[in-house]
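This report concerns only the one structure given below.
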Amino acid sequence: MALLKDIRSCTLCQDELPLEPRPILQFSRKSKMLLIGQAPGLKAHETHRPWNDPSGVRLREWLRMSEKEFYQADRLAIIPMGLCYPGRGASGDLPPRPECRVRWMDSILCHLKEVKLKILVGTYATEYFLGKGSLTEQIKEHSFSDSSFIVLPHPSPRNNIWLAKNKWFEHESLPLIQQKIITFP
């Protein structure tokens with residue numbers, strides 16, 4: 001597929017990255033669901049596999065997807081807002097590089113004509129698709145509605161404080177989100 005090949009050879013922001021560019025994503029023209037995250041972590045960069053870390057384990061648990069289902073591109077496209085590992089900051093990984101979104105997101109979205117459900121993970125993806133606002137409120141709004149969006153907090157262990165303060169997410173929202181995914185064609 002030409003688009004995927006072009007993206008994987010992208011070096012647009014190589015001078016801004018701490019490591020060599022390595023766009024990490026998966027999609028197929030047949031993808032039915034689209035998961036939009038932040039940016040690959042270091043382990044994903046090293047293994048060239050998206051969500052290949054403890055955050056990915058938690059995310060798959062939340063979505064009730066096996067590893068095999070999760071990495072099946074015909075079912076689930078995985079596109080980060082920033083395609084390459086952005087480096088480490090004082091309180092975790094740096095934000096996704098904006099060049100990726102500007103250069104590639106519209107082309108990817110146009111390519112994914114079969115997508116019926118979008119899973120937004122974290123603030124960067126949610127703001128891009130749904131506009132600015134409280135991530136917590138966006139999660140609530142889209143969990144309890146018949147929306148074609150699912151909004152999730154980032155599954156990083158760094159978010160354990162948010163999860164502890166928002167017990168409704170795991171007790172009320174997650175069962176509804178899981179039901180949406182299970183019943184999804």
Taking +1 at the Cβ of each Lys and Arg and -1 at the Cβ of each Asp and Glu, which of Asn52, Pro96, Ser66 sits farthest along the dipole of the chain towards its positive end, judged by Cα position relative to the Cα centre? Ser66
Using the Cβ atoms and a cut-off under 10 Å, what net charge is assigned to the surroundings of Asn52, where Lys and Arg are +1 and Asp and Glu are -1? -1
Which percent, nearest 5, of DSSP beta bridges in the chain are antiparallel? 20 percent
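Size of the dipole of region 28-139 about the Cα centre, Lys and Arg at +1 and Asp and Glu at -1 on the beta carbon, nothing else charged, in debye to 20?
300 debye
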For region 50-56, 3J(HN,Hα) per residue [Karplus equation, 6.51 cos²θ - 1.76 cosθ + 1.60, θ = phi - 60°, Hz, x = Gly/Pro]: x, 6, 9, 7, x, 4, x
Amide H neighbours of Gly41 under 5 Å, counting only residues 5+ apart in sequence or on other chains, H built in-plane at 1.01 Å? Trp51
Could you compute the longest span of the chain free of trypsin sites (Lys or Arg not before Pro) located in DSSP loops and having at most 10 other Cβ atoms within 10 Å, not counting the site residues? 1-112
Can you flag which of Lys140/Lys167; Lys68/Lys118; Lys30/Lys118; Lys116/Lys165 are past 21 Å Cα-Cα? Lys116/Lys165
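Where nothing but the Cβ of Lys and Arg (+1) and of Asp and Glu (-1) is charged, how large is the charge dipole of region 121-185 around its Cα centre, in debye to the nearest 20?
200 debye
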Glu69 paired with Arg103, simple spin-label distance in nm, labels 7 Å along Cα-to-beta-carbon: 3.5 nm
Over the chain: helical MRE at 222 nm, DSSP H runs n ≥ 4 each giving -39500 (n - 2.57), nearest 500: -9000 deg cm²/dmol
Kindly write out, for region 69-74 in residue order, the coupling ³J(HN,Hα) from the Karplus curve 6.51 cos²θ - 1.76 cosθ + 1.60 (θ = phi - 60°), rounded to whole Hz, with x marking Gly and Pro. 5, 4, 9, 9, 4, 5
Give me a comma-separated list of calculated 3J(HN,Hα) values for region 121-135, in order, Karplus coefficients 6.51, -1.76, 1.60 applied at θ = phi - 60°, integers in Hz, x for any Gly or Pro. 10, x, 5, 4, 5, 5, 5, 5, 8, 10, x, 5, x, 6, 4
Can you give the charge dipole size of region 1-71 about its Cα centre, rounded to the nearest 20 debye, using +1 on the beta carbon of Lys and Arg and -1 on the beta carbon of Asp and Glu? 480 debye
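We did not get these values from a lab; they are worked out from the coordinates using the rules stated. Note that the coordinates shown come from a computational prediction; the quantities given were computed from them, not determined experimentally. Cβ sites come from the backbone with ideal geometry, for glycine too, and all protein chains shown count toward neighbours.
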